[in-house]
1. What's the center-to-center distance, using Cα atoms, between the stretch 3-50 and the stretch 108-146 in Å?
2. Enumerate the aspartates and glutamates that K130 could reach by cross-link, defined here as Cα to Cα under 16 Å, with residues fewer than 8 away along the same chain left out.
3. As an exercise, use a Förster radius of 25 Å and the Cβ-Cβ distance of L21 and L190 to find the FRET efficiency, rounded to the nearest 0.05.
4. Among the complete DSSP H segments of the chain, which ones combine at least 24 Å of alpha-carbon extent along their axis with a mean Kyte-Doolittle hydropathy of -0.5 or more?
5. Pull up the cross-link candidates among the lysines for K45, meaning alpha carbon to alpha carbon under 25 Å and not fewer than 8 places away within one chain.
6. What is the Rg over Rh value, at two decimals, for the chain, using alpha-carbon atoms and the Kirkwood definition of Rh?
7. So what is the relative contact order for the chain, in percent, with contacts set as C-alpha pairs under 8 Å and at least six apart?
Amino acid sequence: MPEILQVLLGGFWENLYIFCLTLLLALPCGLIITLGSMCKFKPVKWLTRTFVWIIRGSPLMLQLFVVLYAPGLLLGIPMRNRMLAALIAFVINYAAYFSEIYRGGIESIPVGQHEACAVLGMTRSQAFFKVVLLQVVKRITPSMGNEVITLVKDTALARVIGVAEIIMVAERYTKQGLIWPLFSTGLFFLLFNGLLTILLARIEGKMDYFRC
């Protein structure tokens with residue numbers, strides 16, 4: 001049993017690896033996409049919004065397959081690293097979702113606040129970072145928290161392209177006649193999501209001083 005738990009823990013490390021790198025890369029990429037979707041230059045705006053519409057409207061599982069197989073079939077350059085393929089698909093997918101959360105938060109700030117900043121002689125960047133940003137962060141924190149929790153569970157989808165995450169590892173033992181490793185995967189996810197829930201609640205609590 002200890003050996004099996006160690007193997008399962010190794011599989012869960014793959015989930016954590018995907019989770020951490022996806023967050024690290026998707027958060028800033030989502031902001032870049034947001035800037036494109038709010039750009040006043042219409043070709044950039046509609047190109048960006050079309051991209052987001054395609055990504056949000058198609059299954060993550062399909063995107064995993066496309067990233068893995070499309071380079072080889074279309075360009076003759078096979079994607080040999082399955083973990084890299086999973087990371088690319090996850091980052092693209094979650095950057096698109098994060099961008100919409102960012103955009104909703106930014107657009108929720110009353111226009112009057114932007115006008116007041118202009119009257120005070122503040123530049124757009126000064127107004128954004130000194131006045132708007134804190135309010136946006138406050139407003140999008142619950143939605144971002146939900147996406148973070150969803151990301152933890154979605155990492156299990158990496159198994160469809162051969163990444164040996166925890167559920168794939170547990171399934172191997174199930175085929176050998178052991179059922180408990182499969183159920184124990186739920187415990188791994190529950191404990192990690194529980195820790196994230198506590199952390200996110202504390203972050204929201206820290207922002208109570210700023211009411212928008």
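Bear in mind these aren't lab numbers, they're just calculated from the coordinates by the rules spelled out. Computed from a predicted model, the values in this text were never measured in an experiment. Positions of Cβ are backbone-derived with ideal geometry, glycine not excepted, and every protein chain shown enters the neighbour counts.
1. Answer, in whole Å: 23.
2. K130 reaches E115.
3. Calculated transfer efficiency: 0.65.
4. 2-37, 82-107, 133-154, 180-206
5. none
6. Rg divided by Rh gives 1.06.
7. 29 percent
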